Amino acid sequence: MKKNILTGLRPTGNLHLGHYFGACQNYLKMQDDYNFYLEIADVQALTDNFNNPEKVRKNVVEITMDLLAIGLDPKKVHFFIQSRIPEIAELTVFYSNLVTVARLQRNPTVKNEIAQKKELFGNQGESITYGFLGYPVSQAADITVFNGELIPVGDDQLPLLEQCREIVRKFNSIYGKTLNEPEQVLSTTTRVKGLDGNEKMGKSLGNAIYLIDDVETVSKKIMNAVTDTSKIKKDDPANPDVCMVYYYHKLVNSKNIDTVCQECKKGHRGCVQCKRELIEAMTNFLKPIQENRKYYEEHPEIVHNILNEGTNAAKKTAEEQMKKVKQAMKIDY
Ligand code: SF4
């Protein structure tokens, strides 16, 4: 029996290289070995975008097309829409009695996100909703309603998984052993830095290359990427380790990386030429993904069918799990 693995993505925009190298590459490896549930987390996206539902709806299809384009196979992966599984919302309510407000406020991932909101939006960042504060509870419901045994997470997400385990332990101690404690599969990939050198790549930071970016967009972004600012003239030696162009060469042009490094250090390469080479390598990297995507753009009915079939399979699993939960809680009237 294959183990259940669950992961989710918020449909708030297209996938960028940060998603690809930081998570999706792992999904590609895992799809053969696990019973893979991939949640398009529209309800969770609404915690930040409750006043912009059109954006979330549009991106459910957009992000699904991105995921199919990179090579995830709908025969191996159940793509499902979170809001179409009401059992998740039901379980979230049951779990909300098992976690204190103080514990949620102490959750390091939640604390970080609140701090980021304050940085981006000033005082508005203090208007944290009940829904936002409670999203780790909703995530615990996401995981356990599918009996998620393995969860691929980056180290920044570990506190959310620990919160889920705590809820599971509390549930089992009160209502009897019903739920499995999920384990993490730590991502072997790393977080991708932005073109500006920021530790995180993101839409709000304006430092991302998207999988759908055309040549012109990629060129503009790479031409503005941060390099070694101490290099003034073309033949000045420089330090590639502080240069974001070199950083991206490592991701998409690894076969030439030694040449780029040595020539940069010796002052045998100019930054403009170096950026042009990166543009070419990046375009070659994105091309097959964009060609795959084009097929789904021309056949939206296929994308909708994939989401329908995945959601039906996920709902069946969630219904079975909820029967057990309600029996344990003595609300199986
Ligand atoms: Fe960066 Fe290339 Fe310029 Fe070196 S030559 S600083 S690696 S852009």
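Read-outs throughout are calculated quantities, based only on the coordinates presented, and are distinct from any laboratory measurement. Computed from a predicted structure; not experimentally measured. Neighbour counts are summed over all protein chains in view; Cβ atoms, including those assigned to glycine, are modelled from backbone coordinates with ideal geometry.
Worth a mention:
- GNM remark for the chain: springs join alpha carbons under 10 Å apart, and the peak mean-square fluctuation among 152, 182, 240 falls on 240.
- Average Cα contact separation per residue, the chain, under 8 Å, 6 or more apart, as relative contact order %: 22
- Dipole in debye (nearest 20) - the chain, about Cα centre, beta carbon charges: Lys, Arg +1; Asp, Glu -1: 440
- Taking every alpha-carbon pair under 8 Å whose residues sit at least 6 apart, the stretch 195-300 reaches a relative contact order of 28 percent.
- Highest-fluctuation residue, 154, 134, 267 considered, GNM on the chain with Cα pairs under 10 Å: 267
- Within-12-Å neighbourhood charge of residue 190 [Cβ basis; K, R +1; D, E -1]: +1
- For the stretch 1-141, the relative contact order works out to 25 percent when only alpha carbon pairs closer than 8 Å and six or more residues apart are counted.
- Sorting the segments 69-76, 160-167 by their mean number of nearby beta carbons within 10 angstrom, highest to lowest, gives 160-167, 69-76.
- Counted charge near residue 144, where neighbours are those whose Cβ lies closer than 11 Å (Asp, Glu -1; Lys, Arg +1): -2
- Cut-off 16 Å, label 7 Å out along Cα→Cβ of residue 129, residues of the stretch 105-119 by amide N: 114, 117
- Dipole-positive endmost among 198, 325, 288 within the stretch 193-333 (Cβ charges, Cα centre): 325
- Computed over the chain with a Gaussian network model linking Cα atoms closer than 10 Å, the most mobile of 118, 200, 287 is 118.
- Within the stretch 15-102: Cβ-based charge dipole about Cα centre, in debye rounded to nearest 20 (Lys, Arg +1; Asp, Glu -1): 120
- Highest average packing first - 34-45, 135-146, Cβ atoms within 10 Å: 135-146, 34-45
- Centre separation in Å (Cα based) which lies between the stretch 192-236 and the stretch 251-305: 13
- Near residue 315: Cβ cut-off under 14 Å, other residues only, Lys/Arg at +1 and Asp/Glu at -1. The net charge is -4.
- For residue 193, a cut-off of 16 angstrom between C-alpha atoms picks up these lysines, skipping any fewer than 8 places away in its own chain: 203, 221, 250.
- At full extension, residue 305 and residue 256 could sit 13.5 nm farther apart than now, given 0.36 nm per residue minus the alpha carbon distance.
- Working note: Debye formula, equal point scatterers on the alpha-carbon atoms of the chain, no solvent; log10 I(q)/I(0) at q = 0.08 Å⁻¹ is -0.43.
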